[in-house]
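Reading through the structure tokens given below for one structure.
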Amino acid sequence: LVYLLGNVLQASLLGAQDSVTPLIAIVCSTVINVVGDFVGVVKLGLGGAATATTAAEVIGKCTLLGPSWKKLFLPNSKKGFGILPPYGAKDDSSQSTRAFLKFAAPVLTLIFGKIAAFGVMTHVAAALP
């Protein structure tokens, strides 16, 4: 349930053109998972790794709750309700291009970071005896 909620919040923030908040949440989750794995595996074995992963997922998803509420649900008199612009608002194409590039850079960083992390994990797992 937490995993599903986190994915919905992450997709909603990405849809609201906020790619930095999900990136921060994933970095927090990854750091907690790595540190928890090193500590947990030494003390509890496989159960420690599972506990670290679960804790990292829950904490990572909880970091999305506050920003999601502020960006998606709180009314804002200048922008309408949440992320929806007021009716009849005009958009300048050069500003929308800059806004897209500002949004796309962290998303690409996130995707390339995931690819690199999974590549390293696969390489390390394949090197184990």
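At a glance:
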| read-out | value |
| --- | --- |
| Evaluation of Phe118 against (1) assigned to a helix (DSSP H, G or I); (2) at pLDDT below 70 (one fails), failing number | (2) |
| Flag if Lys43 is exposed (fewer than 13 other Cβ atoms within 10 Å of the Cβ) and either over 23 Å from Phe118 (Cα atoms) or modelled with pLDDT of 80 or more (or both) | yes |
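The values are calculated or read from the model by the stated rules, or taken from the named source; none is laboratory data. Please read these numbers as outputs of a predicted model, since none were measured by experiment. Counting neighbours? That spans all protein chains shown, and the Cβs are built from the backbone with ideal geometry, glycine included.
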